[in-house]
1. Tally up the residues in the stretch 154-173 that are out of contact with any Gly (no Cβ under 9 Å at 6 or more places or on another chain) and either open to solvent by less than 40 Å² (accessible area, probe 1.4 Å) or farther than 30 Å from R308 by Cα (or both), please.
2. Please tell me if V40 is aliphatic (A, V, I, L, M), open to solvent by 10 Å² or more (accessible area, probe 1.4 Å), at pLDDT 95 or above and in a helix (DSSP H, G or I).
3. So R180 ticks every box in (1) part of a loop (DSSP other than H, G, I, E, B); (2) farther than 30 Å from E296 by Cα; (3) not hydroxyl-bearing (S, T, Y) but one. Which box is left unticked?
4. Looking at the stretch 184-206 only, could you name the residues that are surrounded by fewer than 18 Cβ atoms within 10 Å (Cβ to Cβ), touching a residue at least 12 places away in the same chain (Cβ under 8 Å) and under 27 Å from Q100 (Cβ atoms)?
5. Of these, G272, G329, G266, G261, which one is part of a loop (DSSP other than H, G, I, E, B) and open to solvent by less than 10 Å² (accessible area, probe 1.4 Å)?
6. Going by the conditions given, is N240 touching a residue at least 24 places away in the same chain (Cβ under 8 Å), surrounded by fewer than 17 Cβ atoms within 10 Å (Cβ to Cβ) and out of contact with any Pro (no Cβ under 9 Å at 6 or more places or on another chain)?
7. Quick one: count up the residues across the stretch 183-209 that are in a loop (DSSP other than H, G, I, E, B) and at negative phi.
8. Against the conditions (1) over 25 Å from Q85 (Cα atoms); (2) open to solvent by less than 40 Å² (accessible area, probe 1.4 Å); (3) in contact with a Lys or Arg (Cβ under 9 Å, 6 or more places away or on another chain), where does G150 fall short? Just the number, please.
Amino acid sequence: MKTYNFCYESGPLDNIIDFTPFSHEQNILVQLFCGQGQEVLQKMVDLFAVVLPQAVCIGTTTDGEIYGERITTQQSVISISVFEQTLLKTAYSLDEDSFQCGYKLASDLITPTTKLLILFSDGTHMNAEEFLKGIEAYDATIPICGGMAGDNGKFEQTFISSQTTVLSKGVVGVSLNSDRLHVATDYKFDWKPVGLKHIITKVHNNRVYKIDDMKAAFFYDKYLGGKFSRIEFPLILEKNGIIMARAVIAKHEDGSLSFSGNLEEGDQVRIGFGDAESLMKDPIEVLKNLHTINVETFYVFSCMARRRFMPFLIKMGIGSFSKTAPTSGFFTYSEFFHHKGHNKLLNQTLTVVALSESLEPAFIPILEQEETKKSAPYSKTIESLTHLIEQSARDYDQQSKRLEKQMNYSKNLLASHRQFLRYTVHEMNTPLSVIMSSIELHEMEFGKSVYLENIEVAVKSIFSMYDDLSYLIKQDQIHYAKRPIDLVDYVRCRIDFFAQVADKAKSVFCFETDCAQALILFNDTKLQRIIDNNLTNAIKYTFENEKITVGVHAKEDGYLFSIASHSRKIQKPEKVFEEYYREEQAQDGFGLGLNLVKRICKEENVKITLLSDENMTSFSYQFKIENA
């Protein structure tokens, strides 16, 4: 086989191509890589239908063209391959279902001797991943190459062609059928992941709504700023042994982003950046699969991001192929590749297919690197910066792993502590109840004792702490049902329970109310935590021989429970409801009671008022009328 490549900018095609040598050839493949839009593409396909009617012709619009060692933009590259013993077959599909589009095209193209499929899809409408799955469903053994059409980075309208048919939607393809043709494919992916792994949390096919439970657009803004490059910083993931990139191709008003390929909920992704050090490596040397045949032609399909990221480096890499065999191709919106029985949609990738009908043994000369590659100051600078980013990323990963290990240890420790506390609280109830009932039985038989009274006071304090701990442990596990409760009667009951404790602290409760009954709709357990914590706190902090005034009063929109006493002025009222905060460190307790009260009041819409000066400290709780 032989391939002839031409570059077209303007004027008659006859001026650059002599069609006479091709007129008697039968197996001719014409590929049109057009960077000049629909009109030029249509003119070219119409011309080839006249001058080479026997040729199979497919075409695509591009985001740049590959012409030997040159990279062009907004021009057209024409590749004419003449085969000796390879039959060509072309078809196209317009099915709205991308999967069916692929399946139908495969059924039209594949024969028992098919060695390769060259495929072009539109670049703005087709779900190319589903399309490739359709090809694979028909036959998972055939190598593929090609990519999604471009429109010079506009992402507005792309075009593809088969013979004289030019399409704005759909797919076109050519099958190469032969017993003699040798095919070798390989790819080069030079993007590296950096930073933490992130989880795709809401997605439909290639449209991602949330990453780490934040809007996809906000995710990119957070890490790359509002003016991030859509194509140069893709998401990177690994599937079936291939590291792949998914570049942003569209941003939507709802904050979602469309990517160049499908993603799934639960996919772990990282943001990627171009590795200049890897980009600078000669692809001929790196792509070992290409060394298995005596190459007569290279077709190169490379991601648009590579051309735009570091143009001078990409040009260096592309040039290596043309020194071995005729080379042509284009810069795509996504690349098609076959790997171990699966068709893959790739981004940021250089894909290459090498063809040969030669019977000669494989040989690809490894050329010496150009001096500019080795010693150019900008190359060394970029290489150093890339190394810095990679090393920083590795250090960051190590720190993240250590932090994750510490977090897991802390979580396990916390879970163990919670389990221990749950067990302890459960086991406390029985002995406390036994102590209280034994005290009551002893008093019934032998009368009161000052020692037993001290024990009873201490046990009631422990009971109060037990109730707090029990509530904290169970609050997320059970539903606390409400019932009508008489607030007056309930407060009196709790005062009676703690009266003995107050007496030992040389304080006395004084209950005031203007209500015969004050009905509220509340949960017993939650109400007890509010009342008990305020009563026990008043006992702790009230000066000796001072009364504690407890009141329940009717208000226009509900009932007010208040407790006031002469104690030290609270120095930091804004902190008194915080966890573990205590005004007086000398007092017993954990600083959890009032925080628990605040959380319950917030849940039940109870308003808290705190007033404190040198003469009096008071806490008031407004139970609104809707709770009645």
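The values are calculated or read from the model by the stated rules, or taken from the named source; none is laboratory data. These figures come from a predicted structure and were not determined experimentally. Backbone-built Cβ (ideal geometry, glycine too); neighbour counts: all protein chains shown. Ligands, DNA and RNA are excluded from the accessible area calculation, which covers all protein heavy atoms including side chains. Shrake-Rupley method; radii C 1.70, N 1.55, O 1.52, S 1.80 Å.
1. Within the stretch 154-173, residues that are out of contact with any Gly (no Cβ under 9 Å at 6 or more places or on another chain) and either open to solvent by less than 40 Å² (accessible area, probe 1.4 Å) or farther than 30 Å from R308 by Cα (or both) number 5.
2. Yes.
3. (2) is the only condition that R180 fails.
4. If the condition is that a residue be surrounded by fewer than 18 Cβ atoms within 10 Å (Cβ to Cβ), touching a residue at least 12 places away in the same chain (Cβ under 8 Å) and under 27 Å from Q100 (Cβ atoms), then K202, N205 are the ones that fit.
5. Numbers: G272 fails: part of a loop (DSSP other than H, G, I, E, B); G329 fails: part of a loop (DSSP other than H, G, I, E, B); G266 fails: open to solvent by less than 10 Å² (accessible area, probe 1.4 Å).
One residue alone meets the criteria, G261.
6. On the way: touching a residue at least 24 places away in the same chain (Cβ under 8 Å): yes; surrounded by fewer than 17 Cβ atoms within 10 Å (Cβ to Cβ): yes; out of contact with any Pro (no Cβ under 9 Å at 6 or more places or on another chain): yes.
For N240, the condition - touching a residue at least 24 places away in the same chain (Cβ under 8 Å), surrounded by fewer than 17 Cβ atoms within 10 Å (Cβ to Cβ) and out of contact with any Pro (no Cβ under 9 Å at 6 or more places or on another chain) - is met.
7. 2
8. G150 satisfies all of (1) over 25 Å from Q85 (Cα atoms); (2) open to solvent by less than 40 Å² (accessible area, probe 1.4 Å); (3) in contact with a Lys or Arg (Cβ under 9 Å, 6 or more places away or on another chain) except (3).
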